Structure formats: C-alpha cells, structure tokens
Amino acid sequence: MKTYSQKASEISREWWLIDASTMPLGKLAVVIADKLMGKSKVTYTTHIDNGDYVVVINAKDLVVTGNKMIDKKYYRHSGYPGGLKELRLEEVIEKDPSRAIKEAVKGMLPKNKLAADRLKRLRVFPGAEHDHTAQSPKEIK
C-alpha cells in the first residue's frame, strides 16, 4: 500500500464557527490552529495547506483562567532605543479583542512558509454578528 499525498488541486475547504466565550484562550487556540492546518482531516499532508476557514465570534467575551487578565503581557518594540511597549491582556481585549486570539493562534502554528496563508483564513469578530453567514459555517461546540 502506498502513502497518500494530497495535491493542491484536490483541496476542499470548509467553514467553521467558534464561540470564544465557551472555552479558555489556550484551548480555543489549539482548536483553531488544528482547523487552520487541516490536521483533523484524513487527507492531511504536511507540505500542502489544506486547512479550513475559521470564524470566531464573541472575542470581547474571551475567557481566561487564573490571573491572566492582569499578569499576561503583550510586547512590541518601536525599533528605537527604549521603545519597548507593554500591554496587559485586559488592555488588549479592550483595545482590539481579535489581537489576543490571533497572537495565540499564531504561536500554535508551525513557523514556516504556510503560516501566513493559514492566518489569513482566520476571521475574528468582537460580537455575535459576523459577515460570513452566506458560507453557512458549521458550529464547533
């Protein structure tokens, strides 16, 4: 029996809907990364990007355990001396709720050439309404 290797012409993508208020940030990021990479599919091939689209709703109601709202920090640097900026998770969620989820998922994806295209298929919305009802996404509980 030969090993199956999927070709780019055989890719079929589905749409998934996840509610961010139902599970903690880390578990949510694992489920999203799994769907973006396509690891839950039988036809998973490491060098082919056969993942699905993921729509996340209720990002402003993100759930974390412990003291992560205060203790978890997000850093960025301006490129100038002394230009290190630091934000707590609660400030990030208040300013842009999608950033916390996108950065968590980015950390879960493998660091290779496919990562940027996989992240483009992630759509995060702060409220319960989203723009992808026409795609009729399947809900993940």
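The values are calculated or read from the model by the stated rules, or taken from the named source; none is laboratory data. Since the structure is predicted, the reported quantities are computational estimates derived from the model, not experimental observations. No Cβ is skipped: glycine too gets one built from the backbone with ideal geometry, and neighbour counts run over all protein chains shown.
Just a yes or no: is a residue in the range 71-87 touching a Gly at 6+ places or on another chain (Cβ under 6 Å) and part of a helix (DSSP H, G or I)? So far as the range 71-87 goes, no, none of its residues is touching a Gly at 6+ places or on another chain (Cβ under 6 Å) and part of a helix (DSSP H, G or I). Scanning the range 96-139 for residues that are surrounded by fewer than 18 Cβ atoms within 10 Å (Cβ to Cβ) and of a type in the set (Val, Ile, Thr) yields a single hit, 133. Evaluating residue 42 against the criteria (1) loosely packed, with under 11 Cβ neighbours inside 10 Å; (2) within 30 Å of residue 11 (Cβ to Cβ); (3) in contact (Cβ under 8 Å) with a residue 40 or more places away in the chain leaves one unmet condition, (3).
If you go through the range 1-34 and pick out every residue that is part of a helix (DSSP H, G or I) and either surrounded by fewer than 17 Cβ atoms within 10 Å (Cβ to Cβ) or free of Cβ contacts under 8 Å to residues at least 40 places away in the same chain (or both), you end up with 7. Being small (Gly, Ala, Ser), under 27 Å from residue 133 (Cβ atoms) and more than 16 Å from the chain's Cα centre (by Cα), is that true of even one residue in the range 71-94? Checked against the condition, which is being small (Gly, Ala, Ser), under 27 Å from residue 133 (Cβ atoms) and more than 16 Å from the chain's Cα centre (by Cα), the range 71-94 yields no hits at all. Any residue at all in the range 63-86 that is under 23 Å from residue 116 (Cβ atoms), buried (at least 16 other Cβ atoms within 10 Å of the Cβ) and either at pLDDT 95 or above or touching a strand residue (DSSP E or B) at 6+ places or on another chain (Cβ under 7 Å) (or both)? No, there is no match, as no residue in the range 63-86 is under 23 Å from residue 116 (Cβ atoms), buried (at least 16 other Cβ atoms within 10 Å of the Cβ) and either at pLDDT 95 or above or touching a strand residue (DSSP E or B) at 6+ places or on another chain (Cβ under 7 Å) (or both).
Among residues of the range 45-67 being hydrophobic (A, V, I, L, M, F, W, C) and in contact (Cβ under 8 Å) with a residue 60 or more places away in the chain, the one that is farthest from residue 129 (Cα to Cα) is 54.
Looking at the range 89-141, which of the residues that are in a loop (DSSP other than H, G, I, E, B) and small (Gly, Ala, Ser) is farthest from residue 75 (Cα to Cα)? Going through the qualifying residues, I end up with 136.
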